[in-house]
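Visitor: Below: one structure in structure tokens.
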Amino acid sequence: MKNQYNILIAGVGGQGNLVCGCVLAEAALQQGLTPTTGETFGASRRGGTVLTHLRLDADDLGPLIPREQLDLLLGLEPLESLRAAVDLATSRTTAIISMTKIETPESIAGKVKYPEITEIKRSLRAICGKVYSLDPGRIFAETGTRRALNAYMLGAMVTSGVTSLTEEHILRAIQTTLKEWDLNRVAFEAGKKDFRSLVDL
Amino acid sequence: MESSSGSKVLMSGNEAIARGALEAGICFCASYPGTPSTEIAAALMKSSQNHDIYVEWSVNEKVALEACVAASWAGIPALCSMKSLGLNVAADFLLNVNLSGTGAGGVVLVVCDDPRGHSSSNEQDSRFYAKAAYLPLLEPSTCQQAKDVISIALALSQKHRIPVIVRSTTRLSHSRSVVKLREIASATCTTSEELANAPYNVPNPHLKHQELGMKLKEIAQDFEKSKLNSVSGGENTDTLIIASGVAFRYTKEAVDLLNIPSVQIVNLLTSHPLPQKDVVDWIKNRQKVLFVEEVDPFIEDGVLAIAAELHLDEIPTFSGKRNGVVPFFGELDTNTVMDALRSIQGIPQKHQDEQDLNTLKLARQMLIPRRLTFCAGCTHRNVYWALGRVKRRIKEGLIVTGDIGCYSLGVFYNEAMNTMQAMGSGIGTASGLGQLERFGLKQKVVTVAGDSTFFHACLPGLVNAKHKNANMTFLILDNSTTAMTGFQPNPGTSKQRLGNTVVSIESIVRAIEPSHFEIINAVDIDAMIETIHKAVEIDGLKVILVNSVCRLEEQRLGKTHEEFSRVVVDINLCKGENCRICTDQFSCLAIGWNENLKKAEVIENLCIRCGACIPVCPHDAIKGAEP
């Protein structure tokens, strides 16, 4: 079997999870790979958990990543990242996670408590091989929107160098797949910068 | 969808099926939206701007199939797509037209099953319709195959004059991979005179049945000679796996991960009728045969029937859903196939590290659920809230029968709905309950259905209720769109596609002349409580048309709520922990809990300022802010 690389994007309905998977798959295709993505949507779209499975060079392997085969967990939300990690991540897994939380309907209503971010981080560290926690709060504030989270996370991912996808191909895929190129370009650069400052620390 | 021949593009299984339809020269498509099938007709609808293809969202799957078959009778190649449960609706027609035959145009019937019921109320295996109706059925495994199989299915339908079923499942329909395109058919479609000269009916069903049986035998022989099914793997002739659909891909990976490349795998595309001679060749003299398919043992049972003709010493040990090696319920994945292979090959399970298990256990304890809920400001919540209040006022209580749509979430909302079954079953069951007073039923009967469901399957139930004078109240939650599946227009939608006409729900209901009819606004909760209360107390068939709003649709159309005044909680009036009616019972997403103040608060960026929650607070603490 070829050298397989498996990415799971975890988030909440409305975060643009599926389109993030499309960008990565498109970049992989342009690099001559044969990606496959598996998407969970439908009823789960209404504010529920959304997962996108991406296998960078799958040929005709199934769309779902088997247990113990997860290489990169790209987390758009901390709680959903932990949920995904519990199911699929191992020491083989690198996690790159946005730590901006989205409360659940019940935690908003004060019926349950959203877990402490420090606890989520600790747990992720215990499960995954490597964890990079990002705070997109600054870019959200600067751009006045959360819509560019995907581009921000992709900027961080490229800088991490964990995948074989090149910056050039990802940027081109962002340009062809996402709207609002100027906004996404800014967010992408912010993601790169924030990731670099993480590693420098 | 529009890329040129020879190019390699990423496509979902559903988009690939749609592209396959264009390449095959399909000129007519009718469908009813339903996950996971919706994107097939949606993609073709987009393409209809550039290609000579007619596409419609029919009122239901039966009408869609009837329309497609009619097109084929007139010589126009047609494709009809639907979800698993949709085929139940269309089945009445399907089990006639299989006998009378389709036309020269040909009909491809695409059914998308939903193993595990991710977006469905069951996980039915629709392949049994192929057996019941004696129809050929093809199961593609990859997006490429999903595209290519449409031409094959259409040719088969045109040759044998019967519908040909193509079956997908959620993980094929909703996965994307690389597809190499062929040329889109350029020939234009023109109707033939055939229909006028050849009546399609079933005068002698038994003779037609005989004829169909012979067609099916001939098709099985064609499948034997074809290259549609393939055998891959190594030299090990002891063990064979027969896999179909997306499960074939899980099987391939399971074999790779367990490092047993020597076993052989059949990728079976022609699940019905089985290529009998090939099957005998595949299984004869093997030690073990494993079946990997979703959901029921369909191929397994077919092969077991063929195996009965083998000599005893040639029969292998069969494993699959019948002996429990593969689970008989739920969705498969690579891990379940690995477990099945370990079981039949005697490979020990991997031992999990104690410390890892403990880490996972601790993490799981932290995971609070993220449940599905109504959107902020969703008017369905208001209706259920009002029903809850009416329930309290009526000493006999209410029975609420529900239906299929976003409002099905009422099952989870303060248990507002007592039953939820199939499309249109709410009014049908209510019509029955409405006769049970004579046997002692005390509760008042209420049923709810949305606008798209109203057109899909509620009309016969409504007429029945009127005709038999059933004692019940019917709430039509009309938000003017098919929200659950992605905002497809239905006959009641105010903004229609070019050439389509609005059909008024109000006019239909008035024509039926219920004992009592009212139209109310779903944002005004107080008025809704009074109106529903009054209606349930009247005898006979009562209908209330509830003008509702889909907030997602509003958002999609770019509507903002800036012009309305903000909604705020007056913390001096809020009773805090002692009350919590707004946060715990009404539960709009935009009403939060302020931990520091121990009071409710409105979450600005979620609130759509509809004000529906204002009368919900018994202490008048929720109010519109001064402008």
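The values are calculated or read from the model by the stated rules, or taken from the named source; none is laboratory data. Treat the numbers as computed from the prediction; the structure is a model and nothing was measured. Every residue, glycine as well, gets a Cβ built from its backbone with ideal geometry; the counts of neighbours run over all protein chains shown. These area figures cover heavy atoms from the full protein model, side chains too; ligands, DNA and RNA do not enter into them. Shrake-Rupley method; radii C 1.70, N 1.55, O 1.52, S 1.80 Å.
Visitor: Quick one: of B:Lys83/B:Lys466; B:Lys495/B:Lys542; B:Lys444/B:Lys466; B:Lys442/B:Lys542, which pairs are farther than 20 Å apart, Cα to Cα?
Guide: Check vs 20 Å cut-off fails for B:Lys83/B:Lys466; B:Lys495/B:Lys542.
Visitor: Still on this structure, please answer the following. Could you tell me which GluC sites (Glu not before Pro) in the stretch B:134-206 are loop residues by DSSP with no more than 11 other beta carbons within 10 angstrom of their beta carbon?
Guide: B:Glu183, B:Glu193
Visitor: Determine the calculated [θ] at 222 nm for chain B from helices alone, applying -39500 (n - 2.57) to every DSSP H run no shorter than 4 residues and normalising by the residue count; nearest 500 deg cm²/dmol.
Guide: -10500 deg cm²/dmol
Visitor: How crowded by other chains is A:97-109, given as the mean number of beta carbons from other chains within 10 Å of each beta carbon?
Guide: 5
Visitor: What whole-number volume per residue, in cubic angstrom, does the convex hull of the C-alpha atoms of the stretch B:36-100 give?
Guide: 77 Å³
Visitor: May I ask you to list the residues of the stretch B:87-105 whose amide nitrogen lies under 17 Å from a point 7 Å from Cα along the Cα→beta-carbon direction of B:Ala198?
Guide: Zone members listed by number: B:97-105.
Visitor: Amide H of B:Gln488: which non-local residues (sequence gap of 5 or more, or other chain) have their own amide H closer than 5 Å, using H built in the peptide plane?
Guide: The answer is B:Thr482.
Visitor: Follow-up question, since we're still on this one. If you line up the Cα atoms of the stretch B:230-345 on their principal axes, what length do they span on each, largest first, in Å?
Guide: That gives 34, 29, 24 Å along the principal axes, largest extent first.
Visitor: Then there's this: Putting +1 on Lys and Arg Cβ atoms and -1 on Asp and Glu Cβ atoms, find which of B:Leu557, A:Gly75, B:Pro615 reaches farthest to the positive end of the dipole of the protein assembly as shown.
Guide: It is B:Pro615, whose Cα lies furthest towards the positive end.
Visitor: Another question, if that's okay. Which distance in nm do the two modelled labels at B:Glu518 and A:Lys111 give, with both placed 7 Å along the Cα-to-Cβ direction?
Guide: Output for this residue pair reads 2.9 nm.
Visitor: Where the Cα atoms of the stretch B:471-551 are projected onto their three principal axes, how long is each span, largest first, in whole Å?
Guide: 42, 28, 17
Visitor: Rounded to the nearest whole Å², what accessible area per residue is found for the stretch B:379-556 with the 1.4 Å probe?
Guide: Each residue of the stretch B:379-556 exposes 42 Å² on average to a 1.4 Å probe.
Visitor: Build a GNM of chain A with springs between Cα atoms under 10 Å: which of A:Lys113, A:Lys121, A:Lys130 gets the top mean-square fluctuation?
Guide: Largest GNM mean-square fluctuation: A:Lys113.
Visitor: Let me ask something else about it. What average number of partner chain Cβ atoms lie no more than 10 Å from the Cβ of the residues making up B:576-587?
Guide: Mean partner shielding for this stretch: 2.
Visitor: Where nothing but the Cβ of Lys and Arg (+1) and of Asp and Glu (-1) is charged, how large is the charge dipole of chain B around its Cα centre, in debye to the nearest 20?
Guide: 660 debye
Visitor: Any idea of the total accessible area buried by the B-A contact, 1.4 Å probe, rounded to 100 Å²?
Guide: 4700 Å²
Visitor: Give me a comma-separated list of calculated 3J(HN,Hα) values for the stretch B:584-589, in order, Karplus coefficients 6.51, -1.76, 1.60 applied at θ = phi - 60°, integers in Hz, x for any Gly or Pro.
Guide: With coefficients 6.51, -1.76 and 1.60, one gets 9, 9, 6, 6, 6, 4 Hz.
Visitor: Can you tell me the 0 to 90 degree angle between the C-alpha axis of helix B:13-24 and the longest principal axis of chain B, rounded to 10?
Guide: The angle comes out near 60 degrees.
Visitor: HN-Hα J couplings of the stretch B:37-48 from phi, Karplus 6.51/-1.76/1.60, θ = phi - 60°, integer Hz, Gly and Pro as x?
Guide: For the stretch B:37-48, the Karplus-derived couplings read 9, 3, 5, 5, 5, 4, 5, 5, 4, 4, 5, 5 Hz, x marking Gly and Pro.
Visitor: Could you give me the percent of Cα pairs per 10 Å distance bin for the protein assembly as shown, shortest bin first, beginning at zero and ending with the bin that holds the maximum distance?
Guide: Using 10 Å bins, I get a P(r) of 2, 12, 20, 23, 21, 14, 6, 1, 0 for the protein assembly as shown.
Visitor: Right, here's the next one. Give the residue from B:Asn267, B:Ala42, B:Ser425 lying farthest towards the positive end of the charge dipole for chain B; charges sit on Cβ (+1 for Lys and Arg, -1 for Asp and Glu) and the dipole is referred to the Cα centre.
Guide: Working it through, the farthest residue towards the positive pole turns out to be B:Ser425.
Visitor: If one computes the Cα centroid of the stretch B:479-501 and of the stretch B:261-285, what distance in Å separates the two points?
Guide: 46 Å
Visitor: Using only the C-alpha atoms of the stretch B:379-556, find the volume of their convex hull and express it per residue in Å³.
Guide: Cα-based convex hull of the stretch B:379-556, divided per residue, equals 104 Å³.
Visitor: Over chain B, what portion of Cα pair distances is larger than 49 Å, expressed as a whole percent?
Guide: The answer is 23 percent, as a whole percent.
Visitor: Between helix B:205-225 and chain B, what is the angle of the helix's C-alpha long axis to the longest principal axis, kept within 0 to 90° and rounded to the nearest 10?
Guide: That works out to roughly 60 degrees.
Visitor: Take the Cα coordinates of chain A, assign each an equal point scatterer, and use the Debye formula without solvent to give log10 I(q)/I(0) at q = 0.14, 0.18, 0.19 Å⁻¹.
Guide: -0.76, -1.32, -1.49
Visitor: Hey, how many Å between the Cα centroid of the stretch A:106-173 and the Cα centroid of the stretch B:184-234?
Guide: Here the two parts' Cα centres lie 53 Å apart.
Visitor: Could you tell me the distance between the Cα centroids of the stretch B:318-360 and the stretch B:7-51, to the nearest Å?
Guide: 36 Å
Visitor: Which trypsin sites (Lys or Arg not before Pro) in the stretch B:313-417 sit in a loop by DSSP (not H, G, I, E or B) and have at most 10 other Cβ atoms within 10 Å of their own Cβ?
Guide: Those satisfying the criteria are B:Lys350, B:Lys395.
Visitor: Under 21 Å Cα-Cα from B:Lys215, which lysines qualify once same-chain neighbours fewer than 8 residues away are excluded?
Guide: Filter leaves B:Lys131, B:Lys159, B:Lys225, B:Lys227, B:Lys277.
Visitor: Measuring with a 1.4 Å probe in the full set of protein chains, what accessible area per residue, in whole Å², belongs to the stretch B:230-345?
Guide: 38 Å²
Visitor: Connecting C-alpha atoms closer than 10 Å in a GNM of chain A, tell me which of A:Leu134, A:Leu33, A:Leu61 has the biggest fluctuation.
Guide: For chain A, modelled as a Gaussian network with Cα springs under 10 Å, the answer is A:Leu61.
Visitor: Given charges of +1 on the Cβ of Lys and Arg and -1 on the Cβ of Asp and Glu, with all other atoms neutral, how large is the dipole of the protein assembly as shown about its Cα centre, in debye to the nearest 20?
Guide: Here the size comes out at about 1020 debye.
Visitor: On alpha-carbon atoms, Rg over Rh for the stretch B:415-469 using Kirkwood Rh?
Guide: 0.97
Visitor: Against the longest principal axis of chain B, how steep is helix B:334-345, in degrees 0 to 90 to the nearest 10, with axes from Cα atoms?
Guide: Once rounded, the angle reads 40 degrees.
Visitor: While we're here: Out of the total accessible area of the stretch A:6-200 (probe 1.4 Å, heavy atoms of protein only), what percent is carbon and sulfur?
Guide: 49 percent
Visitor: Would you be so kind as to identify which of A:Ala89, A:Cys20, A:Leu33 lies farthest towards the positive end of the dipole of chain A, taking Lys and Arg as +1 and Asp and Glu as -1 on Cβ and the Cα centre as origin?
Guide: Positive-most Cα among the choices belongs to A:Ala89.
Visitor: Now for a different question. May I ask you to list the lysines whose Cα is less than 27 Å away from that of A:Lys111, ignoring any residue fewer than eight positions away on the same chain?
Guide: By straight Cα distance, A:Lys111 reaches A:Lys101, A:Lys121, B:Lys361, B:Lys391, B:Lys575, B:Lys598, B:Lys599, B:Lys623.
Visitor: Quick one: dipole size for the stretch A:6-200, taken about the Cα centre, charges +1 on Lys/Arg Cβ and -1 on Asp/Glu Cβ, in debye to the nearest 20.
Guide: The calculation lands at about 460 debye.
Visitor: Please report the Cα spread of the stretch B:91-181 along all three principal axes, rounded to whole Å, starting with the longest.
Guide: Computed over the stretch B:91-181, the largest-to-smallest principal extents equal 36, 35, 15 Å.
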